[in-house]
1. Report, by chain and number, residues whose modeled amide H sits under 5 Å from the one on Ile571, excluding near sequence neighbours (fewer than 5 apart, same chain).
2. Report, by chain and number, residues whose modeled amide H sits under 5 Å from the one on Thr534, excluding near sequence neighbours (fewer than 5 apart, same chain).
3. Using θ = phi - 60° and the Karplus form 6.51 cos²θ - 1.76 cosθ + 1.60, what ³J(HN,Hα) does each residue of the range 578-594 get, whole Hz, x for Gly and Pro?
4. Ranked from highest to lowest mean number of other Cβ atoms within 10 Å per residue, what is the order of the peptides 602-608, 631-637?
5. Once you've got the Cα coordinates, tell me which of Lys366/Lys888; Lys362/Lys890; Lys740/Lys888 are over 31 Å apart.
6. Taking the number of other C-beta atoms within 10 Å as the exposure measure, put Leu717, Leu691 in order starting with the fewest.
7. Taking neighbour counts of Cβ atoms within 10 Å as a proxy for exposure, in what order, fewest first, do His547, His103, His836, His820 appear?
8. So which aspartates and glutamates pass the test for Lys425, namely a Cα distance under 14 Å, with those fewer than 8 places away in the same chain ruled out?
Amino acid sequence: MRNPFRQRTTSLAGRLALAVFGSVALALVVGTLFGLWQEVARYADDKRDALTAVAGVFAASGARATATGDGNAARETLRAIARRPDLIYAGIERPDGSTLADHGLAIRLASDLDLDRGVSVLDLLGSRTVQVRLPIVEGGRPVGSIVLVADTADLTARLLAIVRASLLASVLALGLGLAVSYALQRSITRPIAELAETMERVRADADYSRYARIERQDEVGVLAGTFNSLLETVRERDARLARHRDRLEQDVADRTADLSEAKEAAEAANTAKSSFLATMSHEIRTPLNGMLVMAELLAQADLPDRQKRYAEVVARSGQSLLAIINDILDFAKVEAGKLELERIAVRPGEVADIVVSLFGEKAREKGLDLAAYVAPAVPRTITGDPVRLGQVLSNFVNNALKFTEAGSVLIRLDFAGGRLRLAVKDTGIGIPSEKLPTIFTAFSQADQSTTRRFGGTGLGLSIAQRLIETMGGSVGVESVAGEGSTFWAEIPLDGSEIELAPPLAPAAAGIVVAVEGGATATALRQRLYDSGFTVLQAGCEEAQAAHWIIDASALATLAARPGTGGIVFAIAGMGDPAAGAVIDAAWADDLLRWPVVQEELDAAIAALSAGLRPSRNTARRPAAAGALPQFPAARILVADDSAVNREVAIEALARCGITDIVTVADGQAAVEAVQASRFDLVLMDGSMPVLDGYAAALAIRAWETEAARPRLPIVALTAHVIGSAATAWEAAGMDATLTKPFTLAGLAALLGRFLDPAAASAFAPGDRAGIEARPEGSGLLDEAVLGGLVEMARTAGGAFAERILGLYEEHAPLALAELHDASVRTDVAAAASAAHSLKSMSLNIGGRAIASTLARIEGEARSGGACPTLDAVGEVEDLLARTLAALKGKLGPGAGADTAPLRAAG
């Protein structure tokens, strides 16, 4: 292989020799040229001096002849020029310039160089002749002049002599330069060449044991030393690599083991998190199932209007609680940007009504006034996601109520420029200006004292912002510390997807709004003004003949009907004892519930505009959606290990006209029932003893294939919405899933899908409403669930409550016995199953405390593998006895007979 370093070294030596040779040659050339220049200058001076001296001799000799004009004598004087070979011409001129006598060339040359005037070296080199002129003086006066002309032939000889001397000196100098160049080449380039050779051998042979020889401590020596240090570093690196290679296999094995452990730990943590979320969702949904179904059944019962509204609020609150659960599970989707929005018809006014209804109790507990105002320009219907729209508005209202100690909270809906604006104004603590830019940041509040005083994480506003941004809108806040805040959101609406509200007919009547709540008074006055009413003050003269809207408590204190001829509406919250009193005393024509909702207000305004005195409870919410579709010919199999859940399913199916219902308590019984009889649909719980619902579904599908039977629709009835159990129904060959808690509308839609598709398309399940519900307390019984059961008993008769209580009293001790036996045998799986069964039926009947204890036992058994101790079982036994005693007082004989307390409360 050709050595590139050798090539570079040779080139360096050649350039060094060339540099020495060139510098010497250049110096010699310059010196020679300079010597020639000086020689030419000296020649000119010498020539002038010589010619001037000769001219002086001739001028002295010919002065007499010139003065007398004797030409012959003058020529005789000039004959001596022949004795000087360099003189080629001599002449004597008269003062007038004419020639008296001359000798030599007959013709004078114009190019004769006049030395008397000063000449340059270049002029002298370019001329062959030079001349001098000297005046001839006689008796002290000039009588003429003498001119001498000489050639310059001797100049060439002098210059050639100089060139020969320079050439000789150049040869000697070049020889000396080459000798110096060779010496430099040996002292400089040879060590570099040797270093290059060493580097090439190291590269070619990969032999890092070599060393570069260092002859002297100059720059080349430093370079060689650096190279040697580099080789030493490479040798040390190779040694370390060799040692590392020797133990590399062990290191890889150790690190692989560490990574495996870390991976297993991460997977275990992820599994635990997923299991926790799945369990949490399941445990919350299970009691909600009974509560929501019972609340819906109660709302559809034949009740007085006010009690019906109460039941509607309970049902709506349960739906809102379910929506919150779904929102918690959807938060990860919001973070990942994968949240999908619905595109269905939405009534903005109804969304506002739902929010004020659900937060009315919270506002009442804090002594705050809560109201909503919907501007006339707001469309009657828009296309959007009602759940997310309600969630945004709820987050704003919840935030306002949390940070408002006194005063009011006003919701305002406006529409302008194709954008729907939601605003919530409060009279709370306000927000410092420096905190406003971060108020929508997740887990952020104004300061730490705010968190300690009011609680919360600041997550609600962040979720609201992201939801609005997903809708293509924007959010903002306007606030002054100590004066309150206004949170707003604007959403762009497509003009083709909105239905405008009809124009308002002018009322042209006077009305007095005498209510204490600032938000309610503002909303009422603005709404009545929009409808064309003249809003009057209570003390003015026109107020006597005007219509009135007044607080029920104020009316009760007045103990008389205000005014003389107008219509009177009293505003009263739920449970306000003054409500019934003012109606019974005829001090008011009808009631408006607080917080005032748009539907009731619209009915009241219609009555006021027409001047018609309403009958009692004219101003009520419109009836709920149309009747449920009926499927009287259907035959349904319900498989659930909880007797309470089976009873709820039977009652819910009965509302859809289904009376031919068969129930079983385990999966094996479900398989046997399907093989023995014909069914149109199976509602199958997932977690059951003997054979769980998923295994039972697989067994049914295998039997259908073997026996060539038509496919039977099987619907999973489960409270699992996340985790592996949430998708197990698909693997089991089921056709759909109905998530607990289900609504009557959801059940009806499901039945219609499999029993009558036309009914399913005509009856869509109700929308979720993501509204915050009142948190559950910690007493022995769940009053909300019990209230639903009591109301159900009032509608269906006392036998219903007794039947539910009897079933629980019969099956709960059996489940407790199974738990006790599992504890004695330390059978963790059996203990978890028994705890789950008893917990499920306890939650559905309102046994809050015992269900909480059983949930802890089940969780420890399923996640930690811990079997409950006998002491823990004894605690459950004690709670069961107390729960049964309390339930007998609530649901015992006559529980559904006395409805007077509820009517009095209304």
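1. It is Ile550, Asp551, Ala552, Leu592, by chain and number.
2. Placed amide hydrogens put Ala509, Gly510, Ile511 under 5 Å from Thr534.
3. Values, residue by residue: 6, 4, x, 5, 5, 6, 4, 7, 6, 7, 9, 7, 6, 10, 10, 6, 9 Hz.
4. Details: 602-608: 20.6, 631-637: 17.4.
Peptide ranking by packing, descending: 602-608, 631-637.
5. On the way: Lys366/Lys888 34 Å; Lys362/Lys890 26 Å; Lys740/Lys888 27 Å.
Table pairs above 31 Å Cα-Cα are Lys366/Lys888.
6. Details: Leu717 26, Leu691 18.
Going from sparsest to densest Cβ surroundings: Leu691, Leu717.
7. Working: His547 27, His103 21, His836 24, His820 18.
With the fewest neighbours first, His547, His103, His836, His820 line up as His820, His103, His836, His547.
8. Within the straight-line cut-off, Lys425 pairs with Asp369, Glu405, Asp414, Glu478, Glu483.
Values quoted throughout were computed directly from the atomic coordinates according to the rules given, and no laboratory measurement underlies them. Just so it is clear, the structure is predicted and the values come from calculations on it, not from any experiment. A quick note on method: Cβ atoms are made from the backbone with ideal geometry, for glycine too, and the neighbour counts reach across all protein chains shown.
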